[in-house]
DNA sequence: ATATCTGTTATATTATATATATAACAGATA
DNA sequence: TATCTGTTATATATATAATATAACAGATAT
């Protein structure tokens, strides 16, 4: 799977990594049980530090997206993705909220915002072809 | 207008301020031309530093949400909100994207995501009553 | 006029977050 | 036995966030 970094971005590298791996899973590029590169290999490939990759993996592990086995390596959670529970919904609501508020502030209708969101959903899903 | 801060949050104080003011405008609590507290008064009321408020105001000014007059004070932009241009759409797409990817990753359908977004839109808009 | 209120700018300090650099440990594998 | 895992521990450099004082210059009220 191809990972691209913007080292000049204000978004931390470990966050960029985390987001792209999640997007890869969501799109289907990465399937349940698929192996991810070792922290050292990925860091080397990307020209960044081992600990930066490790931080991204740690976050993904904490959320249940991947499993990390001491000596086997890193894999996308073979048991599937974590459930859509209350905690998750509250988290994404907190993340969505300020963006939607800004849309509302500029006069976008509920339908316009909804349409943009649907377009992004489709764009993510179809990018793998 | 009531502003609440979570000093323990990982979200910077100036970002919390910015977001809440934008939400206030979007909801209609703050109307075009309405005065905002001076940097010193608001900082004092919230128990934070003047520069933290000033940073929030500077961001809001840069985006065209408020106007700052040297001696008159701070007001919500009387000419209305900035337009929904290409730059704005690209910005919110970049912000929406990782959240939507995570929804997709957990198996939420396009309609489920869209529904949540609509609910948040309504929630923001109706909170002022 | 003078005191007070604006936003603004400058400087310094502290704390935290981000990213890197080395090194070592312990289990698994070739 | 050498090599590959993730993990942990330190140390360092840089950037960001937040605070603390201080001063400036224009406007306003007394």
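Read-outs: derived from the displayed coordinates by stated rules, not from any lab. In this text, all values refer to a predicted model and were calculated from it rather than measured experimentally. Cβ: placed from backbone, ideal geometry, glycine included. Neighbour counts: every protein chain shown.
Numbers below:
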{"item": "Equivalent ellipsoid dimensions for the protein assembly as shown as semi-axes, Å, which come from the Cα gyration tensor, largest first", "result": "37, 21, 16"}
{"item": "Nearest-ten-degree value, helix A:86-105 long axis tilted from longest Cα axis of chain A", "result": "50 degrees"}
{"item": "Whole-Å semi-axes of region A:1-50's equivalent ellipsoid (Cα gyration tensor)", "result": "19, 14, 8"}
{"item": "Kirkwood Rh in Å, taken over all unlike Cα pairs in region A:13-76", "result": "11.6 Å"}
{"item": "Sum of -39500 (n - 2.57) over DSSP H runs of 4+, divided by residues of chain A (222 nm, nearest 500)", "result": "-18500 deg cm²/dmol"}
{"item": "At 7 Å out from Cα toward Cβ: residue A:34 inter-copy label distances (nm, ascending)", "result": "4.7"}
{"item": "Kirkwood Rh and Cα Rg combined as Rg/Rh, region A:76-129", "result": "1.08"}
{"item": "Listed residues A:37, A:98, A:78, most fluctuating in chain A (Gaussian network, C-alpha, under 10 Å)", "result": "A:98"}
{"item": "7 Å along Cα→Cβ, label-point gaps from residue A:49 to other copies, nm, shortest first", "result": "2.5"}
{"item": "Rounded D (µm²/s) - chain B, Kirkwood Rh over Cα pairs, Stokes-Einstein at 4 °C, 1.567 mPa s", "result": "79 µm²/s"}
{"item": "Taking B:123, B:108 and counting other C-beta atoms within 10 Å, the order from fewest to most", "result": "B:123, B:108"}
{"item": "Degrees, to the nearest 10: B:50-62 long Cα axis against longest axis of chain B", "result": "60 degrees"}
{"item": "Gaussian network model of chain A, Cα within-10 Å springs - most flexible of A:39, A:53, A:117", "result": "A:117"}
{"item": "Highest-MSF residue in chain A out of A:100, A:21, A:66 [GNM, Cα springs under 10 Å]", "result": "A:100"}
{"item": "Using a Förster distance of 35 Å, the FRET efficiency for residue B:84-residue B:8 (Cβ separation, nearest 0.05)", "result": "0.50"}
{"item": "Helix A:13-27 axis, angle to chain A major axis (alpha carbon atoms, nearest 10°)", "result": "80 degrees"}
